[in-house]
Every structure is written in C-alpha cells, then in structure tokens.
1. With the requirement that a residue be at pLDDT below 95 and within 12 Å of DNA strand E (Cβ to nearest atom), what does region C:37-51 give you?
2. Cβ-Cβ distance below 9 Å, separation of 6 or more or different chains: which pairs start in region D:17-30 with a residue that is farther than 11 Å from D:V54 by Cα and end on one that is among the acidic types (D, E)?
3. For region A:151-187, which positions are more than 8 Å from chain B (Cβ to nearest Cβ) and assigned to a loop (DSSP other than H, G, I, E, B)?
4. Before we move on, is D:G77 small (G, A, S) and touching a His at 6+ places or on another chain (Cβ under 9 Å)?
5. Consider region C:25-48. How many of its residues are surrounded by 17 or more Cβ atoms within 10 Å (Cβ to Cβ) and within 22 Å of the chain's Cα centre (by Cα)?
6. Check D:A51 against each of (1) over 15 Å from the mean Cα position of the chain (by Cα); (2) more than 16 Å from DNA strand F (Cβ to nearest atom); (3) aliphatic (A, V, I, L, M) and name the one condition it does not meet.
7. Quick check on region B:71-80. Is at least one of its residues touching a Pro at 6+ places or on another chain (Cβ under 6 Å), closer than 18 Å to B:A174 by Cα, more than 16 Å from DNA strand F (Cβ to nearest atom) and part of a helix (DSSP H, G or I)?
8. Within region A:91-105, work out how many residues are within 11 Å of chain B (Cβ to nearest Cβ) and surrounded by 20 or more Cβ atoms within 10 Å (Cβ to Cβ).
Number of protein chains: 4
Amino acid sequence: MSITSDQVGGPALDRQARRRSRTRACLLEAARHVLTRLGYQAATIADITRAADVGVGTFYLHFRDKDALLHTLLEEGLEELREEIGAVVAPLPLAHSIPAAIRALCAALYAHRDIVRIAYTSGSFIDITRRGQELLAGYLQQAITAAQAQGVVGETIDAPLAAGLISGMIIQGAMWWSDHPAPPPAHMADQIIHLLRGGLPPALFTE
Amino acid sequence: MSITSDQVGGPALDRQARRRSRTRACLLEAARHVLTRLGYQAATIADITRAADVGVGTFYLHFRDKDALLHTLLEEGLEELREEIGAVVAPLPLAHSIPAAIRALCAALYAHRDIVRIAYTSGSFIDITRRGQELLAGYLQQAITAAQAQGVVGETIDAPLAAGLISGMIIQGAMWWSDHPAPPPAHMADQIIHLLRGGLPPALFTE
Amino acid sequence: MSITSDQVGGPALDRQARRRSRTRACLLEAARHVLTRLGYQAATIADITRAADVGVGTFYLHFRDKDALLHTLLEEGLEELREEIGAVVAPLPLAHSIPAAIRALCAALYAHRDIVRIAYTSGSFIDITRRGQELLAGYLQQAITAAQAQGVVGETIDAPLAAGLISGMIIQGAMWWSDHPAPPPAHMADQIIHLLRGGLPPALFTE
Amino acid sequence: MSITSDQVGGPALDRQARRRSRTRACLLEAARHVLTRLGYQAATIADITRAADVGVGTFYLHFRDKDALLHTLLEEGLEELREEIGAVVAPLPLAHSIPAAIRALCAALYAHRDIVRIAYTSGSFIDITRRGQELLAGYLQQAITAAQAQGVVGETIDAPLAAGLISGMIIQGAMWWSDHPAPPPAHMADQIIHLLRGGLPPALFTE
DNA sequence: CATGAATGAGTCTTCATTCAT
DNA sequence: GATGAATGAAGACTCATTCAT
C-alpha cells in the first residue's frame, strides 16, 4: 500500500498553507520593489503581480485592495524595525545607550530603507509613519531623559525635540539611501555621533 | 471701428496680461493647497481648477500638462528658497555663518513647507528635489569647509556628509511642519544649533 | 459689430444646456433598448454608450453609476405612466371607470412595455416596481371600492386582492408584449373586460 | 490487492453514487436559495458552493458551467410542475375542470415560487420560461376550447388569449409570493375563480 | 482668453473556470 | 470524487486632455 499524501492530513494541509504563504511573501517582496521604484500612487496592481510573476487575480486572494497591501507592508516593516532595534537597545543602560541606539537605528533603517521611502512618499497611512518616527524618537528620548535624571545632561535640552531632530536626521539619511549606496550605515552613525559629541567647535558659533 | 476698450492698445494689452498673470497665480496657489492636501497623483486637474475657480480648459492655457504644473511649482519654490536664503547668508563670513545659515534655512523652509512636502511626496522630479537638498547642504558645506581651511574644525568631520545630515534634519523638520504647527522655526533652529554646539555631553557617549 | 453668441448670455447657455439634455436623453433611450434586450446585469456600460454613440466617460457625466441609470429610467417611466393614466382616468366617475381604467392601463403599459420588462427582470429596485404595481392596482381598487360603497358590487369581492390580480394580469401582458407584437392593447383590454364581465359562464364552474 | 471498501463492488459503487447524488442535490438546493436571493447574474459560483458547503471545484464535477446549472434547475422545476398539475387535472372532464385547474396551478406555483422568480428574472433561457407559461396556459385553453366545443361558452372568447391572461395573472401572483407570504394559494385561487365567474357585476361596465 | 461637455485609454476589481494535490 | 489556490478575461469607473462655443 503506497503512502500517498492524502493519507496523512497534516503534511498535505501544511504544503497547501506553505504554498499560500510563499505566494503572499512573493507579492510583498515584489510590492516593496515596485513601490520603491514607482511610488504608491503610480504603481499598478499589474506592475506588482508581474514582478511577483503571479496572475492579477492572485493579488486579491491575499489583500483586499491596494491600500490593504500598503498597510500590511508598513505594519510588518514597522514590526521588524521594532524587533531589530529592541533586540540591540533593550539590554543597554538607558543613560549611556545613545551611541548604540543611533548605530542600531541606522543599521535597521538601512536594512529597511525601501520601506522608509515608501512610508514617507505614499502620502496615506500617516499614522503608521508617525508611529515609526515615534518609535525611533522614543529610544533617543528615553536615553536623553534618563541622562537628565542622572544629572549628566542639562535641562536646556528639549528632550522630545532633540530626539525628534536626531531621528529626523536618521530618517532623512534612510531616504537618501533609497537612492544612493553610500555612505554605509556604520559611517553614517559615526558621523552623527561625532556631530552630537560636539564635533562642530564653538569657533563656528561665534555670531 | 467700434468704440471699445481696445482702442488704446497699451493699457488694454496690459490689462489682458495682468488678468492672465492673475489667473496663472490663482492656479499655482490652488495647486499648492490641493497638492499639499491630496498629493500629486491623487489630485486631479478638476480639483485644482475648482479650487482656483476657473474652468478646466483654462488650466491648459497656462500649463502644458499636469507635469508642467508641478515642474513650475517646484522650480519657482526652489528659486524663492534660493533668494531668501542667499539674501541672509551671502553677506556673512563663510567660516562663521553656520548659525545664521541654519536659522535662514529653517525660516525659509518653514515658509515653504507646503512645497517641501509636495517635492518629497510626489515621487517624480527627483532632480529638482535633489537640487533643493544640494542648495541647503551647499551653504552648510561651504561654512564647514571654510572653517576646516582656517583650521578651526578638524578633518575628522566629513564635510559633505555632515552638511547632508544637518540639512536632512532640517528638511525632516519641514515635513513635520506640513502636519503640525509647532515648534516654530526659530525654536527649531535654536535646538539644532544647541545640539551641534556640543549640547549632548560626553557623559552620554561613554560606551 | 457682429452679433456673436457670447454677447447674449441666455441663448448660449441654453444651447449648452440643450446639448447636455439631448445627450442625457440619448443615453436613456439607448439604455432602454439595451436593457430590454440584454437585461440589467448582462448589459455593460459600453453596450449602452455604443448604442447612444457617445464615449464611455460621457455616461458618468450624466449618471453616477449603472444603478443610478436604472433608478432614473424606472422613476421617469413610472412618472410618465402616472401622468398618462391619470389624464384618462381622473375625469371619470370612479364607480363606473373600470373599463376605461383597464383600457388606459393597457395602453400606457403597452407604450412602456420595455420599462415594465426592465423593472420586472432587474431584480433590484423592488420598491419602484412595487410602487408601479400599486399605482395600477390603485386605480382599479378605487373603482371597485367606490362601486361597493354604492352597493352595486357585493362585499364578497376582496377589493385589494382583485385589484392586484387584474393589475397582475395586465402587467404579465406587458411582459408578453416585450417579446411579441400581438395582441394590440385594445384587443387585450377588450378580452380582460370581457372576462371580468362574466365572460366565462357558470357552466364551466360546476365542480 | 489491498483490503479496502472497494472489495465488494456493488455496495461501494452505490455508496459512491449516493454520495454523488447527495452532493448534486445540495448544490441544486443551495442554488435555488442563492439565485432567489441574488438573481442569476449577481450570484457567484462561490456563493452557491459556500451555501452548499462544498469546494468550488466540486461544482464543476456536477455541472459543465453556470448556465448548465440554471438549465438543470429550470428543467427539473418545470418537470415537477408538469407532474404535479397533470396528476390533479388529468382525471377531470376537460370542459369542467377550470376551477380545479386554477387551484392546481396556484398550488403548484406557490410550491415552486422560487423557481418561477428565477425563471422570470434570469433574462436567459427564455425558451424554458415560455414553455412553462405554455404549460399553464395549455391546461386552461384546453378547458375553454372543450367548453366552446360543447357550446357552453361563446365564441367571443379568444381562447388562447384568455388562457394567457389567466395564466399571466397566476404567474404574477407567484412572483408576488416570492416577496410576500400572503395570500395563501387557496385564497388566491378562490378570488380568481370568483372574478372569472362574473364577480364584477355589469353595473361596473356601463360606459 | 475662458469654458465645460465630451472623449477613451488606463486602472482596479470581480469571478467563471482550471488543475495540482 | 473533492478541494481551493491560481488564473486572466471582462467590465465598472476615473481623469488627463481636447475642442466647439
């Protein structure tokens, strides 16, 4: 008696589910490429399914519409960012983790520079974009606030705004990366840290 | 010949030209509002002409097509930016103009925050956007390079990258402004200057 | 000085409006033909605009969507029915107007047999269809009730149901007409009146 | 040969055939419900298989395509109508079977009101619908013609048309039933018989 | 110059049908 | 035989652009 696939329910169902998952992942991957290149509004469903090498109808088996795709792409990207950064920053002492946080943010945003570009050029889904920026700023603000609580940083620093500025700088770098290969994230992080350490001497600021 | 307003050529032609100019300005102003709200792709010609209170056909008397409108809007915005910033920065000694440049950049970008948002969310016309970013970075890079030439700034600073980072920080602020009223540009500039002066103490950077 | 069309606002605007109206009427007329032949669901917008000899986009200048077209078609048809029948029946003494009412109903439904077919085969817009049936039944019921009030008709007749049955018979005839040319409405009305006068003798009803 | 249920051919094949039959019946029953609710064009194969609780592919094991399903549904419905009505009317003397025929038609159409609605709102398969109407009219026409042959009904009655009118009245009632519960078929039949017996007195017809 | 009705190419989206498991 | 993921042709609807007035 031969062992056929329908004798054992599990594997058969698993294979089906795996195939489904793979198609969905193909679509997300293709969408990431296409949206990065063309922008959300200009990209068509046909562009995406062509890039994923599936039929147009297949798209709608996995996403309700174009908006749902973008939502999924951004939410999943945000979640990966959160995990990657969290894994690096969590074990560090808050008050002294700014360089590490900046390096982690740069590395993570470099890895997801496509998603960052899509988030900032799509126009819609501002809440997800905002949550992303808040995620980044959150790490920095925690570090600054903790340092202020320990008295090592003066109160003249507006912690939320400074955090926003630094994260803004990094995000802008990520958008730059979506067009240019250089500089690598480590170099970018070094320069940011160098700048924040007081790299620009007081001589430049005599007005 | 009938007695009409075109008996006297000069004034009539002027009035004609003035009316034409006014219509064109209305369209550009309407486009700025509508594109800021909806984004380039989502905004329709009808949206723009409705906001400008003219007929759809009138649009095509002033702009070849939708792309030409965006091109004009961005080029004119870029030119205004260049003039406003240049007027402030030109008379200053390069090596010591960083705070003034930052304040001028913040003020000018705040005034044109709609255009900045349109430039960064339209997806097309990357060359104009790049030229805008280069305009900003140019002022900063000149100042840093001049300071390095005078020996007041060390060579460990990557002048183009630092300039890019600082301008990126400011641009990111401008995109934030397109959604939020605060903080005012002067406050934003102060914080940036404070940060760059070495506002974050070495204590935060002991790794 | 020549008399050009834009010197006199009225006629120019009128011409514009007339042209618009004509296009709309073309579309409604084309829709009546196409929907009768293909049915509401099977008919495409392209079928209708092709029949009307206008571009597809023109359809959407006049109707929000396919549903709005059907709604308009049925409402306007219902209104014409109401006017045509009312004009005939209104001046008659209620209690003796049944033959006249039946002739008027037959004539009006014959004239609008396409609309009747569309209403009864479209599946949607049941409320308009119901209102149409109630319109027909209303005239008959008024006549029967008036006759009962004068004592010339016995109370064993269920006036609403009888009215519904007779109108149903006529409506079914109208649907028949949408496929066949004969019999003409006058003949149809004569037969109905003949039947209702007691054309089938008691001999047939000895059970 | 492995020990499985197909060792004994007969019962196994029977069980197979029974299961097949049951699935087919499920699909037809589900189709009847779904098509009644949504109409033929609007109903999807997925709607039907979901209602039947089978996979979409299963549908095509039992019907060549969507049209074949409708064809089967209508043909089987028509056959049942024919059998039910025939069983009642066949043993009666033609010339005196009009009340019985009307009662049988009302009862049968009430039982199959879903099918009637589907037939009249599907747009396609007009030949089956026509054959259905001819089935009904046939019984009535035979009765009227037989009565005319016996001299108990005058020749002023156009037998085919009168038969068509009466069947049309009943069919219209059946479509009404697909939306409303009342009146019951017996009541409907009584009123029709009452009307045809001369229920509307001559007083109403003095023009 | 100004207008807005008309156009039709281009998109999104649905769904009947197929086929590998 | 049963399943449901995948397919792509077909249809609704939008909107940049034109042109007669």
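The values are calculated or read from the model by the stated rules, or taken from the named source; none is laboratory data. Note that the structure is a prediction, hence the values are computed from the model and not measured. Using ideal geometry, Cβ is built from the backbone for each residue, glycine included, and neighbour counts are taken over all protein chains shown.
1. C:Q41, C:A42
2. Taking only residues 6 or more apart or on different chains, the pairs are D:L28/D:E76.
3. A:G151, A:E155, A:S178, A:H180, A:P181, A:A182, A:P184
4. For D:G77, the condition - small (G, A, S) and touching a His at 6+ places or on another chain (Cβ under 9 Å) - is met.
5. The number of residues fulfilling the criteria is 14.
6. The number of the failed condition is (2).
7. no
8. Final tally of qualifying residues: 7.
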